[in-house]
Every structure is written in structure tokens, then in C-alpha cells.
1. Among Val41, Val249, Pro359, which residue has its Cα furthest toward the positive end of the charge dipole of the chain, with +1 on Lys/Arg Cβ and -1 on Asp/Glu Cβ?
2. Just to verify a number: FRET efficiency for Ala194 and Val28, C-beta to C-beta distance, R0 = 45 Å, to 0.05?
3. Past 21 Å, Cα to Cα, is the threshold; run Lys430/Lys452; Lys124/Lys334; Lys334/Lys377; Lys13/Lys430; Lys456/Lys494 against it and keep the listed order.
4. How would Phe353, Phe337, Phe235 rank on accessible area, largest to smallest, probe 1.4 Å?
5. Stick to the Cα atoms of segment 139-238, pair each with every other, and give me the Kirkwood hydrodynamic radius in Å at one decimal.
6. Would you mind working out the accessible area per residue for segment 81-193, using a 1.4 Å probe, and quoting it in Å²?
7. Per residue, what accessible area does segment 245-291 have, given a 1.4 Å probe and all protein chains present, in Å²?
8. For every helix of n ≥ 4 consecutive DSSP H residues, a contribution of -39,500 (n - 2.57) applies; sum these over the chain, divide by its total residues, and give [θ] at 222 nm rounded to the nearest 500 deg cm²/dmol.
Amino acid sequence: MASGKKQKVARPKAIQPRGFRDYFGADVSERTQMLKGITDVYHRYGFDPLETSAVETVEALGKFLPDVDRPNDGVFAWQDEDEGWMALRYDLTAPLARVYAQYRNDLPSPYRRFAVGPVWRNEKPGPGRFRQFYQCDADTVGTASMAADAEICAMLADALEAVGIERGDYVIRINNRKVLNGVMEVVGLWNADAPEDQADRRGIVLRAIDKLDRLGEKGVAALLGEGRKDESGDFTEGAGLSAEQAEIVLGFVSARRETAAATCARLRELVGASTIGLDGVSELEQIGELLNAQGYGQEQALIDPSIVRGLAYYTGPVYEAELTFEIFDEKGRKRQFGSVAGGGRYDDLVKRFTGQAVPATGISIGVDRLLAALREKGRLQSEAPGPVVVTVMDRDRMADYQAMVGELRGAGIRAEVYLGNPKNFGNQLKYADRRDSPVAVIEGADERAAGKVQIKDLALGKRLAADMTTHEEWAAQPAQLEIDRADLVAEVRKMIDRARNA
């Protein structure tokens, strides 16, 4: 016998997947505003926009493990019906390499492009670390000239200033993987004929250098040597360098001097007779001279050997844009904001497709990081104003209200008709408040017969409510006016301008 008890309906939970987030109106508007400032600079430099698919073949991305069937956990991947593997792009550079290889006969050379869009990383999320985030890239493919690298650094400086990061609040640090390889050669960890040899030890050296700010020279020296035990007792294996070898590496990290020329002179001393190291120093000298010729000084871009960002990926110069102003972290401690962009020269990426070396260089801006910095500095509008709301006093006259909205929109004013239940007029004004509307338009039967309309300055009303204390003050700046219907557009625009300039 069937039970009369009603079965409970299983409903999905209304939550986004872990590591993802939703962006609402102000977030999207601020991001759009910032990206327009950046891409206007890129466009001015002669770069063209490029949009690629969010999905690439795993083979094109190059993210797979050689001895298993399933792609690396670093990407979101699935098997297509033809049994090939596809994945969401994890950056905007790998798709560029595929595009250039595919269309190289149709593209200009060099090819200069910029791209903006979301990327996905199948990694463990954490505070401030999401599985989907936005990047904004600019790259030049097809030239080995250091002028391309200098241009990328100059363009990055201009882009940061264009969106509101003032000179003195940022610095672009420039290094070169070849110089580090030269230092590695001097200490016996690099052989041009067998570059894969001792790659693990070089990796330990790179990670040690990257911890200089946190551990200091003593901590880095320990990691370059036998290893280091931290405060908790955990031991990190070192690179096994002798004290003399470690001193050469530390000399490289601390080689920055007052001028680019002095820094490069010190680097020449450190790389000795290493051919690859001397090539790298020469490239840094060229970049420094080109930036100086364009008027970019040490306060904007400088040669800094302590920058090592993912050097295994790069083949020459690398760059990192660091914001130098102080903020408070979640524990209330002062710290510098830190890096918001990075990049460099990657001459081997297109070669995966063509078998021929194709020089390339570029930069990637972390969109969310830079947005957070601009909010810290108060350089973005906190919220874009909402639309003018035309209220509904008589639901049978919806066509008249839509005509008003049409006039306002035709004049370039954002506007909408209230489409909820018009029975309670107070709810219409509450809705306008929630929409952050600057103006509400009111036309009842009496106003309609007289050819009039009421316009309510909601932005002014909020300020009056907060600041005015006497009836005389209220009377001096009324927040609601009766105007001729024919003057609707002109008077609404006046109110919006007054709110914008308040």
C-alpha cells in the first residue's frame, strides 16, 4: 500500500562551486573602466585585440603528464567524443602561441596583440586565490629585438599611470634568465650542452632566491647550502652549494646599484667568461638604454637581479610590476601591496608547434589584483549611479511611461520604468533607492492633465536628510520639482549633473 506521506523534493543548493565567485554591477563596471584605460594604452602603442576560445586542446596547452592518460591537475580537462582531451585555458599566452603557429602566414610579423579574459586553474583555492580569474595580456611575437622588451616595460608603466597608479607608487623590475644561467654556470649548475642536467638543484636555487624578502640573506644562504630548519622544526633540503658558490649566487641577488649601468657592470663581474651570462647582461644594458632614451627613469623601471619569477618558463628578460605603497594585511600589519603584473621573453613557446624558434615577449596584468590596489588608493568610482526610475501611478498608462523612458534613453540617459506591482508607491521609491537611482519621475493624472511632471532628486534627498537640520535649509534646496513635461530630459540631466558634481 502506497504511503500518503508527501515525498520531499530534492533541490539543488544555491551556491557557486568552491574557488569561484560572482561579480555584480559595481564590480563589473569598475573592471570595465580599468580595462578600458589599460587597453587604450595598448591600442595607442599599436597593439591589436585578439579573442581566443576559452577551450584549447590539451596538446596545444602543453599541460599533460607524459606517462598517464589524464591531463595534469593544473587544468580543467575532459575527453571529447573523438577521445581527444580538451581543457579550459589556464592563461592567455598558450592560446597566443597556437594562434600564431596556425595563422602565421596571414599575420604581420612582428605580431602585436593584447587580450583580456578569464582563465581557469584547477588548483586548491584559498584566501584571495580563485580557480577563475581575469588576465590582461600584451605580447609581441616575431622579433628578438630588445626594443620589444623595452616597449613592453614602457607600455606597462603608461598603463599603470593611466588607471590611477601614480609615479612613485609602482616600480617595474627587470632581470634576465640568461644572466642567472651565467651565474649558475659559474657555480657549476648550468651546462649549455646539457641544460636539463641538475635542473632540480637549479630549481632549489630559484625558490631560495624568491624567498629573500621573507628569509633574508642568512635564510637564503642556508637553502643554497645544506638546507634550512624553520621555527616549527620542518627541514627544507638545500641546493648543496659550497659557501663560495652560495656567495656568488647571493652576490647576484644583491647586485643592484644606483644606476642600470652600474648594476650591469657588477653583473658582468659575476658571470665572468660565461657566454650566456654576458649575452644576458648585454640585453639588460640595451633595455636600460632604450628606456632611458624614452624618459623612463629608475623610479619607474630598474634592473633588479632579485626578480626570478618562474624563470624556467622564460628564455631572456623578465619583468615584474610591483606596487610600493603600504596597506594593512588581515592581521593589521603594514606591508607593501606587491606584484600586480609579470612577464618576459619566451622564445621557445611557438617552437612546440612549428619546430622553429619564434622569439616572443609579453606581459600579463592580474586584473583582480590591480582592481584591489585601485580600490585601496580610492582611484575608482565606488559605485556607478543607477538608472532614472519612471514610477507608475496608473498601470493603464504604461505606454506613456515607456515614452518617457524612450526620450531619456534617446538622450543618452540611463532609465527604466518600474515594472513591479505599482499599488504601493512607497515601494517604488524604495526600489529606486536600492537601484541607487539619482532621479525618480512621477506623473499622476493631475500632472498629466496639466502637462506637468514631478522629478524627485533622490541623490540630493539623501544628502539633505543627512545634513539639513532646519526647514529653511530644506526650502532653499528642494529635492522635488514640478516641471513642464516638455522639459523632462533637460531638467533630469541637470539633476544628474548636480549629483555627479556634488
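1. The listed residue farthest towards the positive side: Val41.
2. 0.35
3. Result: Lys430/Lys452; Lys124/Lys334; Lys13/Lys430 exceed 21 Å.
4. Result of the area sort, largest leading: Phe235, Phe353, Phe337.
5. About 16.7 Å for segment 139-238.
6. 39 Å²
7. Averaged over the residues of segment 245-291, the accessible area is 45 Å².
8. -12500 deg cm²/dmol
The values are calculated or read from the model by the stated rules, or taken from the named source; none is laboratory data. Since we're looking at a predicted model, the values are computed, not measured. Virtual Cβ from ideal backbone geometry, glycine too; neighbours counted across all protein chains shown. Note: accessible area is taken over every heavy atom of the protein model, side chains too, but ligands, DNA and RNA are not part of it. Shrake-Rupley method; radii C 1.70, N 1.55, O 1.52, S 1.80 Å.
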